[in-house]
Amino acid sequence: MRLITKTDIFLQKTLNIILNFTKNITCILLSIALIILSLINTFEYQEGLYDIDIFEVLYSITFLIITWRFFKRGNVLKYSKWDTLKKYTTILTQLILIPFSIMGITILITLDKKGVFYLSNFEKVDNIIIFVYSIFSITILYAFSPLPKKDIKKESIETDIIHNIKNCNIQNNSGKDDEKK
């Protein structure tokens, strides 16, 4: 019985390690693909820089700033680089899966209504989909940036109290020095 339990635990740990590794590699690859595709999406019609919309430029700049902020915040809060990268890639992977699920539902609804699906069905709402997804992705990345583990309000109140006490002590001591002279 003991051998079966040890074998069971060994197999579970081995599968856990293998599947976690696979999950992490998949998240990293999907995130790299999303970053590359979102940054080169401005060149989608092979017209080069002539076709760039101001919204595309703003999205690319904002995406890079939010990504930089994400990793900077993780560094400031002393998260390990690996934990910050895993959180970032997990968020980006979810950002990829959400639009795919919405597109899948759209395809199923269209097939149910018409019986046939054409790519032109997406072209009708292409700009709206890109706009909503861009706003959604920036918001999600911003919202799920690493946060401090302590309560910010409580910490800032404690810091303010300590700062005020120190200022009172400095002012009280400075008055005593003048009286001695």
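The values are calculated or read from the model by the stated rules, or taken from the named source; none is laboratory data. Small disclaimer: the values here were computed from a predicted structure and weren't measured. When we count neighbours, we look across all protein chains shown, and the Cβ atoms used for this are built from the backbone with ideal geometry, even at glycine. We work out accessible area using only protein heavy atoms, side chains counted, and drop any ligands, DNA or RNA first. Shrake-Rupley method; radii C 1.70, N 1.55, O 1.52, S 1.80 Å.
Here are a few things to note about the model shown:
- Solvent exposure ordering (accessible area, 1.4 Å, most first) of Phe136, Phe144, Phe70: Phe144, Phe136, Phe70
- Listed residues Lys86, Lys6 arranged by accessible area, highest first, probe 1.4 Å: Lys6, Lys86
- Pairs from Lys23/Lys72; Lys13/Lys149; Lys23/Lys78; Lys13/Lys81; Lys78/Lys149 whose Cα-Cα separation, in the structure shown, is over 18 Å: Lys23/Lys72; Lys13/Lys149; Lys23/Lys78; Lys13/Lys81
- Each of the peptides 95-106, 7-18 was scored by the mean count of other Cβ atoms within 10 Å over its residues; in descending order, highest first, they stand as 95-106, 7-18.
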